Amino acid sequence: MAHQVRAVVATAKGAPVSVEIIEVPDPGPGEVLVAVAACGVCHTDLHYREGAINDEFPFLLGHEAAGTVEAVGPDVTDLVPGDFVILNWRAVCGECRSCRRGRPWYCFSTHNATQKMTLDGVELSPALGIGAFAEKTLVAAGQATKVDPSARPEAAGLLGCGVMAGLGAAMFTGEVGRGDSVAVFGCGGVGDAAIAGARLAGAAKIIAVDLDPGKLELATQFGATHTVDASSVDAVAAVQELTDGNGADVCIEAVGNPKVLEQCFYARDLAGTVVQVGVPDPEMRIDLPMIDFFGRGGALKPSWYGDCLPSRDFPMLIDLYLQGRLDLDRFISETISLDQVEDAFHRMERGEVLRSVVVLGDRSAG
Ligand SMILES: NC(=O)c1ccc[n+]([C@@H]2O[C@H](COP(=O)([O-])OP(=O)(O)OC[C@H]3O[C@@H](n4cnc5c(N)ncnc54)[C@H](O)[C@@H]3O)[C@@H](O)[C@H]2O)c1
Ligand SMILES: [Zn+2]
Ligand SMILES: [Zn+2]
């Protein structure tokens, strides 16, 4: 039996999103049906609506979500109805070149549900293979990670994308260690999560760099020990000054801007690491003197989804949240309904929010 549910759909390039009644199939082999409880609004959803990802309209948006398993496919053994899960876009295959080398967080063959959700008989393209601005969604079993159900869904769902990307950029890709100095360029939701991740990893000095004084104030609440307003000072010189003239051990780019990546490159200590988590537009270029690349040593590392492994990291991070050691609640600027996603995109574009989170009703009511 297919389920008719309300969902946010982007039907045409650049057009405002609308709430539609879509059809969600019952789970087949390897699939689970999830009643979505909360889903954050991420920049990537807006990129889909603008046609910046691909042209496979209509898109079912939303991908930063938590909810309750409602039904499982015939061969699904590790989830049962009632389980509280966070959805992820890295259901690893276990068989590709990377999985076989013991590096499943780089899995080259992640998978999604096989059956399609539809709108008036037309197949929907779910954002990042999830599509969770919907009362119910269909995902691959590996995309649903069971965590402690005492976590608020609004907070738990944030680990599904941007917050995990930032935490992991510091903890996993950047391998921030005890006593390190870290500079985070761009303090939106992703950059602030990188700051929180650097603190969890034991960094001694965490420098927040942004153009917006309000964002810098928030960054200190996540653990920044120093701030640099790059609208009025030279960010590279400022980071060097705050690190005895040397530069930071790890510089994290969380904007998606080639000029900022260049600043990260030069604001880093010799043999230091640059992590790029900001997503560039396809036409952006970087141009660095090869002698500087060679001469300064260290590493330049792009970071997808914070190099996380959801089955390993989501339960651990939810435990830290419940212990009060990771403040996921602070990322939530507002909670909204499905009908308010278009407005939330505009607030995001104006830089007014870290995260707007769609809440879809009471979890305990099923
Ligand atoms: N790699 C991944 O897996 C992944 C996952 C999710 C999001 N992202 C990307 O991370 C980036 C950040 O996302 P977000 O949600 O935090 O965005 P955001 O727009 O909320 O935050 C960006 C911040 O950068 C600041 N900024 C802009 N220009 C700057 C400059 N020149 N110098 C310093 N600061 C500057 C802004 O004031 C803002 O605070 C985006 O590119 C997003 O697409 C990456
Ligand atoms: Zn794999
Ligand atoms: Zn996202």
ask   = Once all Cα-Cα distances of the stretch 1-92 are split into 5 Å bins that start at 0, what whole-number percent is in each one?
value = 3, 13, 19, 22, 20, 14, 8, 2, 0
Signed unit charges on C-beta, dipole axis of the chain, positive-most listed residue A203, V239, Y48 = A203
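From the alpha carbon gyration tensor of the stretch 1-155, can you work out the equivalent ellipsoid semi-axes (sqrt of 5 times each eigenvalue) and give them in Å, largest to smallest?
Here the semi-axes work out to 24, 19, 15 Å.
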message = For the stretch 166-304, place one equal point scatterer on every Cα, skip the solvent, and apply the Debye formula. What is log10 of I(q)/I(0) at q = 0.15, 0.19 Å⁻¹?
response = -0.60, -1.01
note = Taking the reciprocal of mean 1/r across every pair of different Cα atoms in the chain, the Kirkwood radius in Å is 20.8
inquiry  = What lysines does K301 reach when the alpha-carbon gap must be under 30 Å and sequence neighbours fewer than 8 apart in one chain are set aside?
reply    = K146, K205, K215, K259
inquiry  = Tell me the relative contact order for the chain as a rounded percent, counting alpha carbon contacts under 8 Å between residues six or more apart.
reply    = 18
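Using a Förster radius of 41 Å, what is the FRET efficiency between C93 and D120 based on their Cβ-Cβ separation? Nearest 0.05, please.
0.80
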request  = Taking the Cβ of each residue in H63, H226 as the centre, tally the other Cβ atoms inside 10 Å and list the residues starting with the fewest.
outcome  = H226, H63
remark   = Computed from every Cα-Cα pair in the stretch 303-366, P(r) in 5 Å bins starting at 0 and rounded to whole percents is 3, 14, 15, 17, 22, 19, 9, 0
inquiry  = Test of understanding: ordering I21, I336, I86 by Cβ neighbours within 10 Å, fewest first, what list do you get?
reply    = I21, I336, I86
ask   = Okay, helix-only estimate at 222 nm for the chain: each DSSP H run of n ≥ 4 adds -39500 (n - 2.57), divide by all residues, round to 500 deg cm²/dmol; what do you get?
value = -6500 deg cm²/dmol
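Between the DSSP loop rule and a limit of at most 15 other Cβ atoms within 10 Å, which GluC sites (Glu not before Pro) in the stretch 289-366 are left? Walk me through the intermediate numbers first.
Working: sites: E334, E342, E349, E352; in loops: E352.
The qualifying sites are E352.
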remark   = Of the convex hull drawn through the C-alpha atoms of the stretch 280-324, the volume per residue in Å³ is 141
query = So between R312 and I286, what do we pick up on full extension, going 0.36 nm a residue minus the alpha carbon distance?
reply = 5.9 nm
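Going by how many other beta carbons lie within 10 Å of each one, how would you line up C42, C251, C161, fewest first?
Going from sparsest to densest Cβ surroundings: C42, C161, C251.
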Along each principal axis, Cα extent of the stretch 215-366, largest first, Å = 62, 33, 30
query = When the chain is treated as a GNM, springs tying every alpha-carbon pair under 10 Å, which of V80, V17, V209 comes out with the largest mean-square fluctuation?
reply = V80
message = Show me the GluC sites (Glu not before Pro) within the stretch 210-316 that DSSP assigns to loop and that have at most 10 other Cβ atoms within 10 Å of their Cβ.
response = E283
request  = Sort largest first and round to whole Å: the equivalent ellipsoid semi-axes of the stretch 107-216, each the square root of five times a Cα gyration tensor eigenvalue.
outcome  = 34, 16, 14
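Where a number appears in this text, it was derived from the coordinates with a stated rule and is not lab data. A quick note: this is a predicted structure, and the numbers were derived from the prediction, not measured. All Cβ positions, even for glycine, are placed from backbone atoms using ideal geometry, and neighbour counts span all protein chains on display.
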